[in-house]
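Taking it in order: structure first as structure tokens, then the write-up.
The numbers here are math on the coordinates, done by the rules we state, and not lab data. Source: prediction; values computed, not measured. Don't worry about glycine lacking a Cβ; one is built from the backbone with ideal geometry, like all the others, and counts go over all protein chains shown.
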Amino acid sequence: MDTLSTNKTAGDPWLLTPGPLTTSATVKAAMLHDWGSRDCAFIEATARVRARLVEMAGGGDAYTCVPMQGSGTFAVEAMIGTLVPPAGKLLILVNGAYGERIARISRYYSRAHATLTAPEDRAIDPAEVAAALAKDPAITHVAVVHCETTSGVLNPIAEIAAIVARAGRLLLIDAMSAFGAIELDAAAVPFAAVAASANKCLEGVPGLGFVIVRKDAIAASAGNAPSLSLDLHDQWQAMEKNGQWRFTPPTHVLFAFDRALDEHAAEGGVAGRGARYRANCRLLIDGMTALGFVPLLPAGLQAPIIVTFRMPADPRFDFQLFYDGLVARGYVIYPGKLTVADSFRIGCIGRLGEPEMKGALGAIRATLADMGVRDGSPEPARRAAG
């Protein structure tokens, strides 16, 4: 694979965020042409992308992929609204903002639902899922976020999937920030559907989400969706009939995604992409802890996607000044989204490797020096000891 640094467009910042992300120059270049929605080349690219995503999930002939215009949330909403029937009931496993968003979607669509909630810095407990399913036979579906980027916590998806399958319920997975870098094989993790998007670990550009879904599950979902635009079954039927999207498709985004999937395969697929992100994560955590910063999560819960750090106790630390100082040096991070602690987040995904992560750490050291902050620890005793 080419050096990552040479694949970024000159002048663009490095995006250490949960998405949109830094993309390669070749992915961006794939958007420099115009296509009609009925062009043979576009129809062929749509079919190719659908097939590659099913293969990546180990779906085989039992699954299909339905792309949807819009952000990843559009795909999640299409999955929930189409696959959970009006008479069904959804158990939502919540340990962050994206689980909460699924609950909000369920309220909008008047779908019966219950929530099983864990703190933002804890993983979902599979035993509690089993107990909740045993207690409520009305539950027909379970929804879970694979990697909850509110904190960066990785939920035990295989254990949860096994419990849901044994209970005879259907599992819906929001794998937005994990798909393509953390293995999710339908043969080992039984799921009815998984939603993700082009612009996370697959390093495409924003504007396209997708749902990989069991064919029997989507075939049984006709008439469920309370939305025309987000009717996953209707979109699937159109694509099966003539390969076309129902409404104006994101042509440029689709070709960029097709190119991004080429680059994903060239890197070694899920294993290769995940290895780079894990290396990025190790570099980041080691470098930040050397500066006194404390990650929110223990190593066993931390996904190699985004890391949440507790806010320093030093009164000279001001997050906006910190953020602006990093932007001036060419790096963009993300504010925190927690209720359990003041924090900020730094991503490990996108077209980033060792030089970029070391560059980010250098920019952090320089910005802290400008602010007069000598220690990033949230613990006053530790700061004083240093």
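Only helical DSSP H runs with n ≥ 4 go in: add -39500 (n - 2.57) per run for the chain, normalise by residue count and round the 222 nm mean residue ellipticity to 500 deg cm²/dmol.
Rounded to the nearest 500, the figure is -12500 deg cm²/dmol.
To test your reading of the geometry: what angle, between 0 and 90 degrees and rounded to tens, separates the Cα axis of helix 126-135 from the longest principal axis of the chain?
Roughly 40 degrees between the two axes.
Give the percent of DSSP beta bridges with both residues in the chain that are antiparallel, rounded to the nearest 5.
About 55 percent, rounded to the nearest 5.
Nearest 10 degrees, 0 to 90: what angle lies between the long axis of helix 232-242 and the longest principal axis of the chain (Cα atoms)?
Approximately 70 degrees, to the nearest ten.
Write down the radius of gyration of segment 45-97 and its Dmax, each obtained from C-alpha positions, in Å.
When restricted to the Cα atoms of segment 45-97, Rg and Dmax are 13.7, 37 Å.
Return the tail of the calculated pair distribution for segment 81-128, meaning the percent of Cα-Cα pairs more than 11 Å apart.
I get 66 percent for the Cα pairs in segment 81-128 exceeding 11 Å.
In Å, the Kirkwood hydrodynamic radius of the chain over pairs of distinct alpha carbons?
After inverting the mean inverse Cα-Cα distance, the result is 21.5 Å.
Across all directions of projection, what mean area in square nanometres is found for the Cα convex hull of segment 17-163?
11.1
Starting from the Cα of K200, draw a straight line to each of the lysines and keep only those under 28 Å, dropping any in the same chain fewer than 8 residues away.
Excluding near neighbours in sequence, the set is K8, K28, K215, K337, K358.
For segment 132-209 and segment 256-333, what is the centre-to-centre distance using only Cα atoms, to the nearest Å?
22
Find the relative contact order for the chain and round it to a whole percent, using C-alpha pairs within less than 8 Å whose residues are 6+ positions apart.
This gives 24 percent for the chain.
Considering only the other residues whose Cβ falls under 12 Å of the Cβ of N224, what net charge follows from Lys and Arg at +1 and Asp and Glu at -1?
Charge balance near N224 sits at -1.
Could you tell me how many degrees, from 0 to 90 and to the nearest 10, lie between the Cα long axis of helix 269-290 and the main elongation axis, the longest principal axis, of the Cα atoms of the chain?
Helix 269-290 sits at roughly 30 degrees to that axis.
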